[in-house]
1. I want the local charge near Ala30. Using Cβ-Cβ distances under 11 Å, sum +1 for each Lys or Arg and -1 for each Asp or Glu among the other residues.
2. How about Lys90: which aspartates and glutamates have a C-alpha closer than 18 Å to its C-alpha, ignoring those fewer than 8 places off in the same chain?
3. Would you mind ranking Ser43, Ser11 by Cβ crowding within 10 Å, fewest neighbours first?
4. Given H placed 1.01 Å from N in the peptide plane, which residues other than close sequence neighbours of Tyr8 have an amide H under 5 Å from its amide H?
5. In which sequence would Glu63, Glu16 go, from the one with the fewest C-beta neighbours within 10 Å to the one with the most?
Amino acid sequence: MPKAKPDYVSSRPLFEWFKGDKTRRAGFRAAGYSDGRMTNWKSRGIPRAEVGPIAARMGLTYEEYLASAGVPVSGSYGLKLVIEEGEAIKRLRQALPDWRRYVLGLAMVDNQDAQAILLKTMREAVPNDRVERAFGDAPHVAARRRVKEPK
């Protein structure tokens, strides 16, 4: 029986990410990925088995990398999101890697006492009225206001 050929995924998202900051490729070298190996990825694609660790170094999940490479990601695993959550996730996927890690770190705080402390700190630093004066209402807030107004 012949050996199965590995399944490859486009390396385009990785090399686009490298273009954003030249030190990123050096970071991959420091992590043990040789220039020859990265060059092979450019011409052949990345073996699917290696996508997870590569995506993690980029600040993405496995599924986010596949989506950015144009590979259909199957299902939502039974997760149903309201429109605001779906839009937030879409924008988070397009955000800077450091911002994405920051926001995801906040989302992973599940202790309600810790959440209350973080909220209090954020409200003191940047009150909602100052944000609204600078940027206006968030789109979902404005939409809700239009729906609730009497006709």
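Laboratory data are not the source of any read-out in this text; all were calculated from the coordinates shown. Just so you know, these numbers come straight off a predicted model, no measurement behind them. Don't worry about glycine lacking a Cβ; one is built from the backbone with ideal geometry, like all the others, and counts go over all protein chains shown.
1. So the surrounding residues net to +4.
2. Of all the aspartates and glutamates, those that pass the test against Lys90 - Cα under 18 Å, at least 8 places apart if same chain - are Glu63, Glu64, Asp98.
3. Listing Ser43, Ser11 from fewest to most nearby Cβ atoms yields Ser43, Ser11.
4. Arg48
5. In increasing order of surrounding Cβ atoms, one gets Glu16, Glu63.
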